[in-house]
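Written out below as structure tokens is the structure these notes cover.
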Amino acid sequence: MLKRLDWYIIKKFLGTYIFAIVLILAITIMFDINEKLDSFLKAPLDATIFDYFLNFLPYFANQFSPLFTFIAVIFFTSKLADNSEIIAMLASGVSFKRLMLPYMVSAAVIAASSYVLSAYIIPPANVERIEYTNTYVKNKRVDYGSNIQMKVAHGQIAYMSRYDNTTKTGYKFSLESFEDKKLVSRLTAQNIKWDTLYQWQVRDYMIRDFKGAREEIQKGKRLDTIITIEPRDFLIAKNDHEMMTSPQLKEYISRQKERGVANIKSFEIEDERRFAMCAAAFILTIIGMSLSSKKVKGGMGINIGIGLVLSFSYILFSTVTSTFAISGLTSPFIAMWIPNFIYIIIAVILYRKASVG
């Protein structure tokens, strides 16, 4: 059962965490307005407020949640230590291990909130935010593709010479069907137009069915058909992974792997990152508490300085290791969890040192 002391620490922890978020977000808004002022002036005011900033702030806050967590722990724990409150807690018979309980409860609240936000709430909001930036700031949409080849279903391979997403039209299309590695049917068309979901319309088409030594040919001007691909399967933009909830992300990764698509590293990294960031809340809380639980000469400034160095190094390290997965040196899982594994070792060392000191 949580006692009054636990609730005191939890309120201090979460209160400082929220205060740190609000403070840094206020600074971020000022810098962002200064950087994108020309774009904001061109856009409608309501779109800037509701489509961009209202969706940008939770996205930014969640991206740097480990940093805010670490700063909060370092700040309020150093203050407790400077006021000799932690000494009083330990002197009253509360063990260092027991003192860690409210910290872990607070970290669990932050980790759970962070996961729910990143997995279910922020992705739909990112759709509006990214659409706004593509329209008024810088267009990063991928509207064109060439030499597109992918597996549609078992035994079916599709190819397009070129696809234009502005007109939803692909050119020089072919769909080949195989049975036991033998070509049994081939559909070719001068162009193909996407309608909705898997609905496609082929134009100026020819279907060749191979039946042993015989070949049947069917031609036509227009044919409505179902082909289980859609433009987002082969037109992959830089931020597409940020617009998918976790269930959508897992389904997309699974479907693309079945089709033999190789360009999905960013989606796999995003999927692993959402879990790794939750674990980081616990790891950085242990490190922060262990570092700042004792008085040091120079006051809390030294602890805050050390905390900032460690938290920024964690974020930098996570960014660097993600490039390992993109380049194929490691799997996305290993790339996103390497920083956690290393910082777990740091956390254990600091915890043991603080608990016996």
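Values in this text are rule-based calculations from the coordinates and carry no lab data. Bear in mind the structure is a predicted one, so any value in this text is a computation, not a measurement. In this analysis, Cβ positions are derived from the backbone assuming ideal geometry, glycine residues included, and neighbour counts consider all displayed protein chains.
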Practice task
Subtract the Cα-Cα distance of residue 211 and residue 309 from 0.36 nm times their separation in residues, and report this length gain in nm to one decimal.
Solution key: 28.3 nm
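Length gain on complete extension for the stretch residue 46 to residue 121, per 0.36 nm per residue less the alpha carbon to alpha carbon distance?
On the way: separation 75, 0.36 × 75 = 27.00 nm, distance 2.09 nm.
Result for the pair: 24.9 nm of gain on full extension.
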Handout entry: Close Lys-Lys pairs in the range 144-233, where close means Cα under 17 Å and separation is 8 or more or interchain
Key = 10
Completion exercise
By Cβ neighbour count within 10 Å, fewest first, 232, 4 rank 4, 232
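With all distinct Cα pairs included, what does the Kirkwood hydrodynamic radius of the range 144-233 come out to in Å, to one decimal, could you say?
Numbers: mean 1/r = 0.0748 Å⁻¹.
Averaging 1/r across every pair of different Cα atoms and inverting gives 13.4 Å.
Find the Rg to Rh ratio for the chain, where Rh is the Kirkwood radius over alpha-carbon pairs and Rg uses the same atoms.
On the way: Rg = 27.0 Å, Rh = 24.0 Å.
Here Rg/Rh amounts to 1.13.
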Exercise for the section: Pop a pseudo-label 7 angstrom from the Cα along the beta-carbon direction at both residue 95 and residue 341 and give the gap in nm to one decimal. Expected result: 3.0
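Work out, step by step, the length gained on full extension between residue 83 and residue 248: first 0.36 nm times the residue separation, then minus their alpha carbon distance; give nm to one decimal.
Details: separation 165, 0.36 × 165 = 59.40 nm, distance 4.90 nm.
Difference between extended and current length: 54.5 nm.
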Completion exercise
When 306, 74, 345, 86 are ranked with the fewest other C-beta atoms within 10 Å first, the list becomes 345, 306, 86, 74
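Order of 135, 69 from fewest to most other C-beta atoms within 10 Å?
Values: 135 15, 69 29.
Final ranking by Cβ density, sparse to dense: 135, 69.
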Practice task
Given the peptides 200-210, 105-115, arrange them by the average over their residues of other C-beta atoms within 10 Å, most packed first.
Solution key: 105-115, 200-210
Exercise for the section: Calculate the spin-label point distance for residue 142 paired with residue 29, positioning each point 7 Å from the Cα along the beta-carbon direction, and give it in nanometres. Expected result: 3.5
Exercise for the section: Determine the calculated [θ] at 222 nm for the chain from helices alone, applying -39500 (n - 2.57) to every DSSP H run no shorter than 4 residues and normalising by the residue count; nearest 500 deg cm²/dmol. Expected result: -19000 deg cm²/dmol
